[in-house]
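Remarks on the structure that follows.
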Amino acid sequence: MPKFRADMHIHSVLSPCGDIEMSPSAIVAKAKEKGLDIIGLTDHNSTLNAEVTRRLGERCGLHVLMGAEVTTSEEVHCLGFMPDAERLHEFQKFLDSRVIFFANDPDKFGYQFVVDEEENVLDEVPHLLINALNLSMEEMQRKVYELGGIFIPAHVDRSTFSISSQLGFVPDRLKFHALELSYYARGHEFLDKCPWFADFNYIQSSDAHFIDDIGKICSVLEMESFSFENFKNALRQGEAVIL
């Protein structure tokens, strides 16, 4: 069965912590250079650079999953991906409805640019995107599932902004397609420390904020051919190779 190399956690210039070089066109070019087949565009609390990245990827045979890294009210980071542009727009409206407005200071936090395929700045998001939304983790999970998307709690091994740091356990009612390990994780070491996390499927991603970090680690998934549903099923069936 064909194997696909996927880095599912990448930030663009829309994230205030993303480097100014992280334009959609540069991200796609670097992903192809690194030999990736699939990437996830996951800016903080916003999907506004996802569609342009998908279009650029489509031109050169790179599959781009459109999503966001959402900060929930528990201060847990979770990845959500949508299967098409229509549901992506609905997801963005949902996120916008849960914003607690705090003005961004670009000199302190960084710029938050929405750009086009030629790297022209189309807009700048005024509220700070790295703040928590008025949205619980379970509420986000329910919305992602309602829209037919993919839900992945992010970097669960990290000492901040993760299920393990904020909750210390995986809630029984929480449904997800996989858990994500950070670039720095060694799976066996994390599971030795937190054995109650052992019975789940995992991916591992770069969480790239700088261009050279794209693809520094990835997951390998097996599927007959790429589609959103095939990718979802590969996660659900535990076919990701992470280490």
* Asked: Which residues, taken from region 191-212, are touching a strand residue (DSSP E or B) at 6+ places or on another chain (Cβ under 9 Å) and assigned to a helix (DSSP H, G or I)?
  -> 197
* **Residue under evaluation residue 28, criteria (1) free of Cβ contacts under 8 Å to residues at least 40 places away in the same chain; (2) farther than 20 Å from residue 226 by Cα, criterion not met** => (2)
* Structure fact -> Across (1) surrounded by 12 or more Cβ atoms within 10 Å (Cβ to Cβ); (2) in a loop (DSSP other than H, G, I, E, B); (3) modelled with pLDDT of 95 or more, residue 225 clears everything bar (1)
* To do: Answer with yes or no whether residue 123 is more than 24 Å from residue 154 (Cβ to Cβ), out of contact with any Ser or Thr (no Cβ under 6 Å at 6 or more places or on another chain) and not polar (S, T, N, Q).
  => yes
* For residues that are part of a loop (DSSP other than H, G, I, E, B), touching a strand residue (DSSP E or B) at 6+ places or on another chain (Cβ under 8 Å) and under 20 Å from residue 75 (Cβ atoms), scanning just region 175-190, find the one that is modelled with the lowest pLDDT. => 185
* To do: Looking at (1) part of a helix (DSSP H, G or I); (2) farther than 30 Å from residue 107 by Cβ, find the lone condition where residue 165 falls short.
  => (2)
* To do: Read through the list (1) closer than 25 Å to residue 180 by Cα; (2) touching a Cys at 6+ places or on another chain (Cβ under 9 Å), then give the number of the only condition that residue 109 fails.
  => (1)
* State which residue is surrounded by the fewest Cβ atoms within 10 Å (Cβ to Cβ) when the search covers only region 170-215 and only residues that are charged (D, E, K, R) and in contact (Cβ under 8 Å) with a residue 60 or more places away in the chain. => 212
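The values are calculated or read from the model by the stated rules, or taken from the named source; none is laboratory data. Given the structure is predicted, the values throughout are model-derived calculations rather than measurements. Note that we place each Cβ from the backbone using ideal geometry, even for glycine, and neighbour counts take in every protein chain shown.
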